[in-house]
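Each remark here refers to the structure printed beneath this line.
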Amino acid sequence: MADTAFTNATQILEPFKGVKKVTIEEYFTSGHRTCQGCESALVMKLMVKAAGPRTIVLGSTGCMYVANTTYYTTPWVVPWMHTQLGSSGSAALGTSAGLKALMKKGKMKSEPINVIAFCGDGGGADMGLGAISATLTHKEYNSLILLYDNESYANTDIQLSGSTPYGANTTFSPPGSVKRIIHTRWKKNTAGMLAAGHPECRYVATVDASYAVEMMNKVRKALSIGGPTFIHSLDPCPKGWDYDPMLSHELGELAVETGVFPLYEVEDGVVRHYGKTKAIVEGRPRKPVREYLLKQGRFAHFTEEDLEYFQAKVDEMWDKWEIPGVIPFWKERPGAR
Ligand SMILES: Cc1ncc(C[n+]2csc(CCOP(=O)(O)OP(=O)(O)O)c2C)c(N)n1
Ligand code: SF4
Ligand SMILES: [Mg+2]
């Protein structure tokens, strides 16, 4: 096959116009062993449903590897490969470059194939951040990195990560009688940092599977735009967050309605808040963060003072940040210190 047959095109995946238009085929099916109510498993299912059958999925170590592929069983219907904990970026780039080379040499039919690499918050927001950053600078290769954020190193029994919220009870930060708040760091702003720091990455979005159609449409948009793209999904985790599994969707909604997790997309440098976050930007009041926090056992030790601190930090993001939820700077105001 000649070089001229090679195409670097992406699949054009039009948005689903409502839930009735969502395709019925599943590419992440039964056969996994995630906890009841695991929102990350739903994210996997929706992610690959949105992408369709001509897709390769690469997954770094974590719950979505271990609980999904136990000895000769797998829910994945599309080609799937495990990669090391910090390597979702390298796996995405390497696979995309490999496909491109094989197609160029005529060793594979030249056609758009989606490459999606997923990682947890431990693997992506902490350990693999460098590799993701490198991948987002390679605009000649098409891949999507999806970070599923359950806010802990969940698979190894809920250790705190850079994505764990302030004050949460984890196996590394159990509240004690002498010191109540062990984890005193504020959660990283991963999507904002990646969007701001990678000017040639054409698409970054935050998503929440409680809003499933919107979430799938962000995946479809990222894959259609092409180049390296990044999506950050907030995933309630009944085990790590310590709540009744039936509350997963409600907690996903509350994270957005309280303003703790803003939904936005950055496309070619333009920021758009969407969904309920857009309504908040346009003036709809945010629910108090206590409605979200107090439904979770990991915050059961919070006092009034802790709730006020958490609320004040979220208020600061909304009232002072250059772009709420995205750019964490604000201009110096004359006379203010
Ligand atoms: C280099 C390396 N260090 C440690 C581990 C052990 N380990 C396996 S899964 C995991 C937790 C990963 O956390 P995260 O990426 O957030 O995914 P989650 O388990 O929460 O789904 C750890 C620490 C490993 N597999 N590789
Ligand atoms: S620990 Fe959390 S992320 Fe892991 S399988 Fe259970 S619910 Fe899902
Ligand atoms: Mg995690």
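The values are calculated or read from the model by the stated rules, or taken from the named source; none is laboratory data. For clarity, every value in this text was computed on a predicted model and none was experimentally measured. Here Cβ is always computed from backbone atoms with ideal geometry, including for glycine, and neighbour counts include all displayed protein chains. To get the accessible areas, we keep the full protein, side chains included, count just its heavy atoms, and leave off ligands, DNA and RNA. Shrake-Rupley method; radii C 1.70, N 1.55, O 1.52, S 1.80 Å.
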Query raised in the report: How long is the gain from TYR166 to THR303 if the chain were fully straight, where each residue apart is worth 0.36 nm and the alpha carbon distance is subtracted?
Result: 48.0 nm
Query raised in the report: If the cut-off is a Cα-Cα distance under 18 Å, which lysines reach LYS45, setting aside same-chain residues fewer than 8 apart in sequence?
Result: LYS20, LYS21, LYS218, LYS221
Report task. Run the numbers on the range 253-292 and let me know its relative contact order in percent, using alpha-carbon pairs under 8 Å that are six or more apart. Result -> 47
Requested in this report: Relative to the longest principal axis of the C-alpha atoms of the chain, give the angle of the C-alpha long axis of helix 248-257, reported between 0 and 90° and rounded to the nearest 10°.
Outcome: 70
**Report entry** Computed lengthening from VAL66 to LYS20, 0.36 nm per intervening residue step minus Cα-Cα distance
**Finding:** 13.3 nm
Query - Computed accessible area, LYS276, all protein chains, 1.4 angstrom probe, square angstrom - result: 60
Report summary line: Expected sort for 70-80, 259-269, 209-219 on mean C-beta neighbours within 10 Å, highest first, is 209-219, 259-269, 70-80
Query raised in the report: Efficiency by 1/(1 + (r/R0)^6): what FRET value for ARG333 and MET246, r their Cβ-Cβ distance, R0 = 56 Å, to the nearest 0.05?
Result: 0.75
Requested in this report: Could you tell me how many degrees, from 0 to 90 and to the nearest 10, lie between the Cα long axis of helix 88-104 and the main elongation axis, the longest principal axis, of the Cα atoms of the chain?
Outcome: 20
Query raised in the report: Around GLY62, with a cut-off of 12 angstrom between Cβ atoms, what is the net charge of the other residues, counting Lys and Arg +1 and Asp and Glu -1?
Result: -4
**Report entry** Packing-based ranking, highest mean first, of 126-134, 326-334, 37-45, 296-304 given that Cβ atoms within 10 Å are counted
**Finding:** 37-45, 126-134, 296-304, 326-334
Query raised in the report: To the nearest Å, what is the center-to-center distance of the range 9-53 and the range 252-328, using C-alpha atoms only?
Result: 26
Query raised in the report: Per-residue accessible area for TRP186 at 1.4 Å probe radius, Å² rounded to 10?
Result: 90
Query - Charge dipole magnitude, Cβ of K and R +1, D and E -1 - the chain, Cα centre, debye nearest 20 - result: 700
Query raised in the report: Relative contact order (percent) for the range 102-180, with alpha-carbon contacts under 8 angstrom and 6 or more residues of separation?
Result: 27
Query raised in the report: What does the charge add up to near LEU144, with Lys and Arg as +1, Asp and Glu as -1, over the other residues with Cβ less than 12 Å from its Cβ?
Result: +4
**Report entry** Cα-based helix-to-principal-axis angle, 304-320 vs the chain, degrees rounded to 10
**Finding:** 50
Requested in this report: May I ask what percent, to the nearest 5, of DSSP beta bridges between residues of the chain are antiparallel?
Outcome: 30
Report summary line: Quick note, the range 189-337: a/c under 1.5 would make it rounded; otherwise a/b > b/c is prolate and the rest oblate (a ≥ b ≥ c, C-alpha gyration tensor); here it is oblate
Report summary line: Heavy-atom accessible area with a 1.4 angstrom probe orders ASP315, ASP149, most exposed first, as ASP315, ASP149
Query raised in the report: If the chain between THR137 and ALA312 were fully stretched, how many nm would it gain, using 0.36 nm times the residue separation less the Cα-Cα distance?
Result: 59.5 nm
Requested in this report: Report, in cubic angstrom per residue, the convex hull volume of the C-alpha atoms of the chain.
Outcome: 145
Report summary line: Here the relative contact order (percent) of the chain, from C-alpha pairs under 8 Å and at least 6 apart, is 18
Requested in this report: Can you work out the accessible area per residue across the range 126-281, with the rest of the protein chains kept in place, probe 1.4 Å, in square angstrom?
Outcome: 35
Query - the range 252-295: equivalent-ellipsoid semi-axes (sqrt of 5 x gyration tensor eigenvalues, Cα, Å) - result: 22, 11, 6
Query raised in the report: How much net charge surrounds GLU14 when only the other residues with a Cβ under 13 Å from the Cβ of GLU14 are counted, with Lys and Arg +1 and Asp and Glu -1?
Result: +4
Report task. Quick one: pull the percent of accessible area on the range 117-194 belonging to carbon and sulfur, 1.4 Å probe, ligands and nucleic acids left out. Result -> 57
